[in-house]
Amino acid sequence: MLAQTFIFLAAGTISNCVADFAQYTAAYIAPRKFEIEAEYTTPQSEFWIGHQPTEARPEAQSESVRNLTAYDADDRKIEINYTGEGTWRTEVGVSRISYQLVADHDEIKWPHGADEVAHPFGGGYYFTGKAFFVGAGTEDMTCPIEVRFDVPETWTLTAPWALGEHNGSASSMLDLFDNGFAIGPYKTITQKVGDLSLTSVFDDRLAEQVEPYIGGLLGDLLPAYTKYFGGAPAADYSTFHFAYPSSDGSAFARSFTLQYEYPLNMIERQLWSRLLAHETMHLWIGVVERTDQEIEWFTEGFTDYLAIKQLYRLGYLDDESLRSEIASIVTRHQLGKRMSGDTSLRAAGANKGQNWFLIYGSGAVIALILDAEMSLEKPGSFDDMMAKLFGKGKQSYDFDSLMAFLDGSSNGRASNVFKAVDKGLRANQINSRLNPAGVGVAGMMDRTVISFVDKCNKPKGCAPSFLK
C-alpha cells in the first residue's frame, strides 16, 4: 500500500532558502510520551499535522498532540486555536511552539494501517513524520530542517535524512513529513548498490526467521533492479520491519515499512517476498512524481507487475507461483470493476482505500498486456521503455504527460490498452490479447486460471519469453 502524499495547508510561500527553516527538539520524557519544541527562523501563523480521520478519532493524528503552545519572537505566549482537520492558526507571527506528543496511535485501527502513523516496538518507537511533527511552511519549500532527539544514549535514530548520533537534517518539509523514522535501542543493517544506500531496522521478534531471509532477498533485488533500470537512485533510504497482527506495507518518499503477521507462518514467505519486492520497486518507480492522483494506477499497478516479473527472473517464484500471481492480477481487475462501479481509473486515486482492487489490479493488467503486446513487435521494448523512464530522472507527471511518454515509446499502444482496461475486460477478452504472446486466461469474476500456451512440463522456465 503506497502512502498517500501529504497535502500541505500552510499559509504563505517559502520556496527556497539557505538557512534552516526550523529546528525541532524532541525529548523522550516518559513511556509513550515526547516533549517537542520547534523554532522557526521566519514567523509563522498556521501549523498542521497529518490528517487521516477514523471513526474512533475524527480529528486523527492531532488527537495525539497535547498542550500546543505558541510564542512570539520575545518568547511571549500567543493565543493559538485549533481550527479542525489537523490545523492550528494564530493572528500574529509565531517564532516557537511547544507540545507533547503521545505515542498512542497503535490503540486504534487506522484507514491505511498503523505503519502510516506510529506504533511502539522493540523497546522504541516508529513514527511517520506527519504523525509526530507539527509543521509549518509550504509543500514546495526546500529549506533544510534540523531535528535533535534527547533520548537514552543506547538508542539509535534511523531515518533517510542526513544523520548524526541522535540528530538529523531533512532537506525539506516534505522530506521531514513524508518519511518514517525509528528511535529506540535498535541495531541496523545497511546494504548498498552504487549510490543507493538502504538501512533496515527489524523488530527483534523477526530476528531469527525473517531478518536473514529479507536481507538475502534485498541482496538479490537491489542489483537486479539496478540492472533492469540501468541505474539506481542516488539516495539514502530507510526500511522498517515489524511483527504485527496482519501483513501489509507502505512506501513513503525515501522510506518504506513492512508488517509481518505474528506469530509467524513460514508459508507466508512468498507473501513477504511480494511485499518487499513491491515496496523496493517504488524506489525506482518513484522517479515519476505525481502532480495529482490520476496516475495512481501506474504508481501501484506497474510497480506490482514489475515486482512479480523480477521475482520470477530471480527464482523466487516458480511457474506455478507465477501463474498464481498473474491470476491474482486479473481477478483484482474483475473485482475492482465490480466494487468500484463506474469509477474511472483516473478518478480512483482520489479514494485509494475504497478503490484498492481497481487501482492495483487494473494498473497491473495494463502493464501485463502492454508488455506482452510490445514484446511481440519487438522483444524487450517494454523493459527498454521502463528503463528510459527511470533514466529521465525525477520528473513530475500528470495523466496526460505520463500517457504521452508511454505512447511515444509504444507507438500509441499504451492509450489503447488503458482505454480497454479502464472500460473493463472480461477474462476471455484479456485472453485474446495475451494468448498471442503465450499466456492463456480463463475465469469468472472471482476466479481466474492462467496457463502458458507452449507445452512444457518443467517446474520453472515455461513462461513466455517476455516474462523471463
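Taken together, the values in this text are just the output of simple stated rules run on the coordinates, not laboratory data. Predicted model only: the values in this text are computed from it and were never measured. Counting neighbours? That spans all protein chains shown, and the Cβs are built from the backbone with ideal geometry, glycine included.
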Discussion item. Given the DSSP H assignment, sum -39500 (n - 2.57) over each helix run of at least 4 residues in the chain and divide by its residue total; what's the result at 222 nm in deg cm²/dmol, nearest 500?
Written reply: -9000 deg cm²/dmol
Item to complete: Using +1 at the Cβ of each Lys and Arg and -1 at the Cβ of each Asp and Glu in the chain, identify which of TYR24, LEU314, TYR71 lies farthest towards the dipole's positive end.
Response: LEU314
Worksheet entry | Loop-resident sites, region 162-257, for trypsin sites (Lys or Arg not before Pro), counting at most 13 other Cβ within 10 Å (DSSP) | LYS187
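With +1 on the Cβ of every Lys and Arg and -1 on the Cβ of every Asp and Glu, and nothing else charged, how large is the dipole of region 187-285 about its Cα centre, in debye rounded to the nearest 20? Mind dumping the intermediate values first?
Values: 7 positive and 11 negative charges, 51 e Å.
Using only the charged Cβ atoms, the result is roughly 240 debye.
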Discussion item. Angle check, please: helix 363-377 long axis (alpha carbons) against the longest principal axis of the chain (alpha carbons), in degrees 0 to 90, nearest 10.
Written reply: 40
Worksheet item: Against the longest principal axis of the chain, how steep is helix 399-410, in degrees 0 to 90 to the nearest 10, with axes from Cα atoms?
Response: 30
Practice prompt. Express in whole angstrom the spacing between the alpha-carbon centres of region 155-183 and region 361-403.
Written response: 33
Worksheet, complete the sentence: From the Cα centre of region 187-210 to that of region 239-273, the distance in Å is 13
Worksheet entry | P(r), alpha carbons of the chain - 20 Å bins starting at zero, rounded % | 24, 54, 21, 2, 0
Discussion item. Taking 20 Å as the cut-off for C-alpha to C-alpha distance, list the pairs among LYS109/LYS352; LYS227/LYS419; LYS227/LYS392 that go past it.
Written reply: LYS227/LYS419
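What's the Kirkwood radius of region 83-171 in Å, using all Cα pairs?
Details: mean 1/r = 0.0649 Å⁻¹.
For region 83-171, the Kirkwood estimate is 15.4 Å.
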Worksheet item: Cα centroids of region 328-358 and region 444-468: how far apart, whole angstrom?
Response: 25
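Only four residue types carry charge here, +1 at the Cβ of Lys and Arg and -1 at the Cβ of Asp and Glu. Report the dipole size of the chain about the Cα centre in Debye, rounded to the nearest 20. Don't skip to the end; give the middle numbers.
Values: 41 positive and 60 negative charges, 394 e Å.
Magnitude of the dipole: close to 1900 debye.
Calculate the dipole size of region 151-214 relative to its Cα centre from +1 charges on Lys and Arg beta carbons and -1 charges on Asp and Glu beta carbons; express the result in debye to the nearest 20. Kindly include the intermediate steps, with their values, before the conclusion.
Numbers: 3 positive and 9 negative charges, 14 e Å.
Computed charge dipole of region 151-214: roughly 60 debye.
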Worksheet, complete the sentence: Charge dipole of region 1-184 built from unit charges on the beta carbon (Lys, Arg +1; Asp, Glu -1), centred at mean Cα; most positive-end Cα among HIS105, TYR126, ILE80 is HIS105
Practice prompt. Classify region 287-467 as rounded, prolate or oblate, taking a ≥ b ≥ c as the square roots of the eigenvalues of its Cα gyration tensor: rounded when a/c is under 1.5, otherwise prolate if a/b is larger than b/c and oblate if not.
Written response: oblate
Discussion item. Between 0 and 90 degrees, rounded to the nearest ten: what's the tilt of helix 413-423 against the longest Cα principal axis of the chain?
Written reply: 80
Worksheet, complete the sentence: Between the residues TRP356, MET444, VAL417, the Cα farthest towards the positive end of the dipole of region 287-467, that dipole coming from +1 and -1 charges on the beta-carbon of Lys, Arg, Asp and Glu, is from MET444
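So which trypsin sites (Lys or Arg not before Pro) in region 327-427 end up in coil per DSSP with only 12 or fewer other C-beta atoms within 10 Å? Provide the component values of the computation, followed by the final result.
Details: sites: ARG332, LYS337, ARG338, ARG346, LYS352, LYS388, LYS392, LYS394, ARG413, LYS419, LYS423, ARG426; in loops: LYS352, LYS392, LYS394, ARG426.
Passing sites in region 327-427 are LYS392, LYS394.
How much of the DSSP bridge set in the chain is antiparallel, in percent, rounded to the nearest 5?
On the way: 63 of 86 bridges.
Within the chain, antiparallel bridges account for around 75 percent of the total.
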